[in-house]
Structures are given as C-alpha cells and as structure tokens.
C-alpha cells in the first residue's frame, strides 16, 4: 500500500523530462559572446558610434558633409602633453581667426548653431582642419568637467612663448612705445587670461611670465582671455629679475604695482615712456628682488574698506591709466 504523501509536497518523477534534453547543454554553452561596447545602444561607445554614423550619413561622395564641406575623423577626443584644448565659442573663433594651427575642431551633437559656431566651422573647413561631432559628455571630458565649453573646442599645439626682448623690438618696429606687463608669482590661470585680455584691450604689446612659480598659458588662461591670447604674445623669462634688468638696459622703465607704493597711479609721469608694469600675487605681492629692481613702485588708490585688488583687476586699472595718459599727449 502506498504511503500517503506529506501535505503540500510535490511529486517529481525521476529521469528525463519530455522536452528538456537541451537545457543542460545550453547551461554549459552560456549565452554566447558579450556584445561589443559599440554595439550596445545605451553604452557611451554605442552612442559615439551612432553619432559618427549620423555624421557619415550626411557626408557627400568626397568625404565632406553635404552642403558644408566639414570633415570628420572616426576617433574619440584625446588630449596629450603636446596639446592644449581651447574651448568656448569666443576663444575658439578668435584662435581660428588668428590662424592658430589647430589640429581638430570638436562640435557637440545637436549644438545650437549661432553665428560664432557657423564661422568657426567655415574657417576650419577653409583651413582643412578636421571637424568631429561628439556627444556632449565626451566633449566635457576633453575640456574638463568644470569647464563651460559651449559645445565647441579645438586642440592646439602647446603654446610657443616669445622671447621677452622680442616684445620690445616688435613694438619699436611698429613705431609704437612699448607697453608690457610682467607677472611675479601669479599662479591663477584666470588672472593670466584676464591680464592678457586687458593688455590687448589697452594697446599693450605682450605679457611676460617667469618660468618658475608662475602660471603658463593653459586652456583656462586661453578661455579667460576670450581669444586675446591669439593676438597678444606671451614671453617666458628664465629669471624675472634678470629679464627686468635686461629690459631696463633697452630703455624700458620698470613699474611695480603695490598697495604701499610711493607714487599714486593718477600722479604717474612715466606713462609716455617705454614701460613694463610688474604685477605681484594677491597674497604675497612683489618679491623682494623684483621690488629692488623696479624704477618706481606705484599704488592704486582704493577704499580703506578693501585690503587689495585682484591681480587681474590691478593690471587692468594700471593699463587703462597708462593708455589714457598716452592718448592725451
């Protein structure tokens, strides 16, 4: 007599089940090879491939985009030690106008095509610069997560610095009175960019940065200059003090900006002479050796409630005053 089964227990028949013969083999075989990243639509590589396919679909027989002459390279944005990335519509456009030897122009997919973007594309096409459409996250990684790239960027070779004395000779060759700005211990690239922009705005002929303990022309400085770095040369000094002495030997007067200066900027009588204005860091000011090298230390009158001015602002004020005085003479 068969024993009654336990309540709720299910009876299973031993042996093979009809239709299950392939289950064991499938388990051993697995699900097959993993699809490539570019074949997964949700993966960044898949999105990049889709963007490249859209761009390729719009290209004409000669490899140019229909109606625009754009070129494209099927590669991801990449930055190396020998290049700088310039981003932002004004900065990119100014660099292209100034014939900076850009290697690639990057455009974000579905970017708003204003006049600046259209002109940048036209200039890149005319110069034969490859144009690559990329997804916005890739462009953000190329330019820096905290950078506001406005959907456009170019890669350019590392900045080629001029020689400090060449800045003087260029101004003289143009029949102009040299006006330079030198930085002493300024490490913020945004300050450098702002000073380059002000130098260009007020008729200056170049900026000098020390080789050590100072900022260089980086992508951040490029962007802050709003493209002025393409028009205003920057020179690098191996030793700032020795460079200032060499400039003095060329007839250039050295003016240091400092809150405790003995000459107030409105009373400056040297504006019409060849000048180099030396700006120190906001915290430390001018170094001792640089201060001793200066022909005069000039102060900018400010409210007693304000301790000091930002280096970029101080340079702008001094450049404006010199330009104003020169215009009156």
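The values are calculated or read from the model by the stated rules, or taken from the named source; none is laboratory data. Owing to the predicted nature of the structure, the values given are computational and were not obtained by experimental measurement. All Cβ positions, even for glycine, are placed from backbone atoms using ideal geometry, and neighbour counts span all protein chains on display.
Odds and ends about this structure:
- Single residue of the stretch 171-197 satisfying the filter (assigned to a helix (DSSP H, G or I) and closer than 21 Å to residue 283 by Cα) that is farthest from the chain's Cα centre (by Cα): 195
- Of residues in the stretch 159-170 being part of a loop (DSSP other than H, G, I, E, B) and surrounded by 13 or more Cβ atoms within 10 Å (Cβ to Cβ), the one modelled with the highest pLDDT: 163
- Residue within the stretch 102-113 that is out of contact with any helix residue (DSSP H, G or I) (no Cβ under 9 Å at 6 or more places or on another chain), within 14 Å of residue 155 (Cβ to Cβ) and modelled with pLDDT under 90 present: yes
- Listing of strands (runs of 3 or more DSSP E) fully contained in the stretch 234-285 that carry 2 or more residues being touching a helix residue (DSSP H, G or I) at 6+ places or on another chain (Cβ under 7 Å) and either more than 26 Å from residue 308 (Cα to Cα) or not assigned by TED's automatic domain parsing to the domain that holds residue 168 (or both): 234-237
- The numbered conditions (1) at pLDDT below 90; (2) surrounded by fewer than 21 Cβ atoms within 10 Å (Cβ to Cβ) are all true for residue 123 except (1).
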